[in-house]
Amino acid sequence: MKLQGTVNAVFILGVAAGLTEIASGVCIVRNTPETKVYRYQCFRSNNYLADLTAAPIDVPKISFTNARIQYLRNKSFARFGPGLKSVQINYSELGEIEDSPFEGLVELRSLLITGCNLQIVKGTWFEGLSKLDTIILDHNEIKSVESSFFKIVQPLKSLDLSFNQISCIPVASIYGFRTQSFHLEGNHLAWACLAQLLDWFKKNNIKHDFAAIGPFPPMEPLINMCVERHPSYKLDETGLEKCIRKKLMDFFPPGDNYTVEQACRFLTDKPSPFLNCFDI
C-alpha cells in the first residue's frame, strides 16, 4: 500500500550524561517523487544508531539533518543491506568516519555529506560500493583526498568537493579515475595545480565549474594565456601567479575612477576574453 505524506513518527528514548532524555528529534517515513520509493528522514537526532534501529529495514533512502553525528561508526547501515540506495547527512557536525561505515551497501547509488566537519576523504569508505555513481561532499572542511579514493571508486556521474579547503589534487593521483562532472569551486586551489586539473578535465571531457576559486576568479582563458608563456608552470607556482596577476592587469586601463565605457575603449586594440563591449 502506498504511504501518503508523513505516515510514521518515531520518538526514541536514550541516555546521556546519566539522564534519560529524548534521544532523537523526529524521524519519519515519507513518500518521495518516485512511486513506491520511501525515505526515512531524521531531524535533530542525538543518537543516530538508535534512530537507524527504529527504521524499516527495506527503506531505500535515509537522511539525517541537523543531527549530532560527530563520529560515523563501521557498519552503521548494515541492517539495510542491498536495499539501501541513498544516504544523506546534512549539517550534522560529522567530523570523523571509521573505515567501513557503508559496508554491505552493494546497491548504494548516492552518498551526500554536506555542511559537516570532514577534513579528509578516505578511500576505504568506498570499498565494495560498486554501484555508487554520485558523491557529494560539499561545504565541509576537507583539506585532502587520499589517492586510494580515486583508485577504489568506480566511474561516477558526479563528484562534488566544492567549498572545502583543498589546495591541490595532484593530477598524478587521478589518472584512470573517471567521472562525468567534477566540482571543485570554492576551494583555494594553487594556480599550478588548477592549470594541470583544467588540462586533465579537457583531455577527459569532464564537466567542471571553477567560479569563485581563489583570491579572484581564475578564468580558464587567463590561465591558458600564462601556461603558453610560462612552460615551467608545473613546478613554479610563484612564476605562474605573477604572470596571471600581470596578465589580468593588462585588461584594465591605467588610473582610477574609470568607467566601463573607458575600459572598453582601452581594450579596442587588445580585446578581453572577459568583457564583451558590443552593447556599450
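Matching residues to (1) at pLDDT below 85; (2) of a type outside the set (G, A, S); (3) closer than 21 Å to H139 by Cα:
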{"residue": "I174", "(1), (2), (3)": "no, yes, no"}
{"residue": "G186", "(1), (2), (3)": "no, no, yes"}
{"residue": "F201", "(1), (2), (3)": "no, yes, no"}
{"residue": "D209", "(1), (2), (3)": "yes, yes, yes"}
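Within region 252-270, the set of residues being open to solvent by 100 Å² or more (accessible area, probe 1.4 Å) and part of a loop (DSSP other than H, G, I, E, B) comprises P254, D256, N257, D269. Within region 116-154, how many residues are β-branched (V, I, T) and more than 18 Å from S86 (Cα to Cα)? Residues that pass the stated criteria total 6. Which residues, counting only those in region 244-265, are among the aliphatic types (A, V, I, L, M) and more than 21 Å from E228 (Cβ to Cβ)? Selection gives V260, A263. The selection criterion, being of a type in the set (S, T, N, Q) and in contact with a strand residue (DSSP E or B) (Cβ under 7 Å, 6 or more places away or on another chain), does not hold for N74. Take the residues in region 230-251 that are surrounded by 12 or more Cβ atoms within 10 Å (Cβ to Cβ) and of a type in the set (K, R), then tell me which one is modelled with the lowest pLDDT. Of everything passing the filter in region 230-251, K234 is modelled with the lowest pLDDT. Given the condition assigned to a strand (DSSP E or B) and either open to solvent by less than 80 Å² (accessible area, probe 1.4 Å) or modelled with pLDDT of 95 or more (or both), answer yes or no: does some residue in region 42-53 qualify? Yes - at least one qualifying residue is present in region 42-53.
The values are calculated or read from the model by the stated rules, or taken from the named source; none is laboratory data. Bear in mind that the values here come from a model prediction, so they are computed numbers and not experimental data. Glycine gets a Cβ as well: all are built from the backbone with ideal geometry, and neighbour counts include every protein chain shown. Note: accessible area is taken over every heavy atom of the protein model, side chains too, but ligands, DNA and RNA are not part of it. Shrake-Rupley method; radii C 1.70, N 1.55, O 1.52, S 1.80 Å.
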